[in-house]
Amino acid sequence: MSRRPIPAEAFNHGDSRRYRRGCRCRPCTDAVNADTRRRTYLRATGRSSLTTPHRAAAHIKMLRAAGMQDRDIKAAANIVADVLYRITRSEGRIHCSTERRILAVTPTKSSVGCGSHISGLGTVRRLQSLAADGWTATELARRAGKHKQFIVHLQNSAPSQVRLWVAAYVRELYSELKELTPEEAGLNPARIARGKALAASKGWLGRDYWDEEDFDDPAFQPAASDNLPRNDLAAVRRSDVEHLDSFGVSPDEIARRLGMAESTVKGIVKELRAGERRDRSKAAA
């Protein structure tokens, strides 16, 4: 999925970036000319308009520790997600003007003091629930603007505590995706199936088993968790399949709703059909 280009209106008049997006007013024209003269001067004096990302990365780390979320940092520094996360990974070089904008960002009053920790239970459960519904770690990382391994770490290590800003952006990500399926988002069906199978093998349960307030409640355990005996869990799943099938729901849709493999659902439906035929034969005899 390609990133939507930033419109000219996102920048003030007098900003060379607005000029590069089509604005030809006098302030924007003067700004781009000034940029050109500066680059020419720097080259002539043996200097560069680029710099290493280390100072900017350290400042972003400080802002995060102070409780600022990445979306607020991006907005304040007027940069896109790709630039922000390339800087945090210390990849390549950045423009000096980008560094200046980042270093000028200060924590907002609402974020100061939000660098403290909170229970990681709800964060982990939300990410595991999304995985159980077929959302891959790669896609979750892309949407959250994080590295894939960061998502995988949270899902599998289940930290007892996370930063407040981490909990906040995971909660926001879950809210964004809870009414959307991976299929509707265009994810590869094979990857969705593999993700669901992996999540099921770890006992993770999809959103159908949770209410929003349950994620953060340590006393809550989903009814269909692995705490149920295997035979009881199989009976619950079979009953769910039978109920949905009686309303004419297709096997692939049943599998999606219950987070089961489609082949398993088809096998159960086949057994149900065979049982119905035997019952009709006995009644006819």
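The values are calculated or read from the model by the stated rules, or taken from the named source; none is laboratory data. The model shown is predicted, which means the values in this text are computed figures rather than measured ones. Here the Cβ is made from the backbone with ideal geometry for all residues, glycine too, and neighbour counts use every protein chain on show. For the accessible areas, the whole protein counts, side chains as well, though only heavy atoms, and no ligand, DNA or RNA atoms are used. Shrake-Rupley method; radii C 1.70, N 1.55, O 1.52, S 1.80 Å.
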Hey, got the dipole for the chain? About the Cα centre, +1 on K and R Cβ, -1 on D and E Cβ, debye to the nearest 20? 1960 debye
Cα-centre dipole for the stretch 124-185 with unit charges at Cβ (Lys and Arg positive, Asp and Glu negative), debye to 20: 380 debye
Share of carbon and sulfur in the accessible heavy-atom surface of the chain [1.4 Å probe, %]: 51 percent
Leading residue at positive end of dipole, the chain (Cβ point charges), from Thr106, Ala44, Ala158: Ala44
Within a Cβ distance under 9 Å of Phe215, other residues only, what is the Lys/Arg minus Asp/Glu net charge? -3
Unit charges at the beta carbon, dipole of the chain: most positive-side option, Ala219, Leu63, Gly248: Leu63
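What number comes out for the charge environment of Ser246, summing +1 per Lys or Arg and -1 per Asp or Glu over other residues with Cβ under 13 Å away? Before the final figure, lay out the partial values.
On the way: positive: Arg238, Arg273; negative: Asp240, Glu242, Asp245, Glu276.
Computed value for this residue: -2.
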Provide the per residue accessible area, probe 1.4 Å, for the chain, rounded to a whole number of square angstrom. 59 Å²
Result: in the chain the number of Lys pairs with C-alpha under 30 Å apart, spaced 8 or more or on different chains, is 25
Can you compute 3J(HN,Hα) from phi for each residue in the stretch 57-74, using the Karplus curve 6.51 cos²θ - 1.76 cosθ + 1.60 with θ = phi - 60°, rounded to whole Hz and x for Gly and Pro? 5, 5, 5, 4, 4, 5, 5, 4, 4, 7, x, 6, 7, 4, 5, 6, 5, 4
Arg18 neighbourhood, Cβ < 13 Å, K/R = +1, D/E = -1, net charge +1
Under the rule rounded for a/c under 1.5, else prolate if a/b exceeds b/c, else oblate, using alpha carbon gyration tensor axes a ≥ b ≥ c, the stretch 69-173 is classed as oblate
If r is the Cβ-Cβ distance from Ala10 to Val152 and R0 is 25 Å, what FRET efficiency results, to the nearest 0.05? 0.15
If you find the alpha carbon centre of the stretch 5-35 and of the stretch 119-135, how far apart are they in angstrom? 42 Å
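Treating only the Cβ atoms of Lys and Arg (+1) and Asp and Glu (-1) as charged, compute the dipole magnitude of the stretch 23-139 about its Cα centre; round to the nearest 20 debye.
Computed about the Cα centre, the dipole is about 560 debye.
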Taking a ≥ b ≥ c as the square roots of the eigenvalues of the Cα gyration tensor of the chain, is the shape rounded (a/c under 1.5), prolate (a/b larger than b/c) or oblate? prolate
By the C-alpha gyration tensor axes a ≥ b ≥ c (rounded if a/c is under 1.5, else prolate when a/b exceeds b/c, else oblate), the shape of the stretch 22-62 is oblate
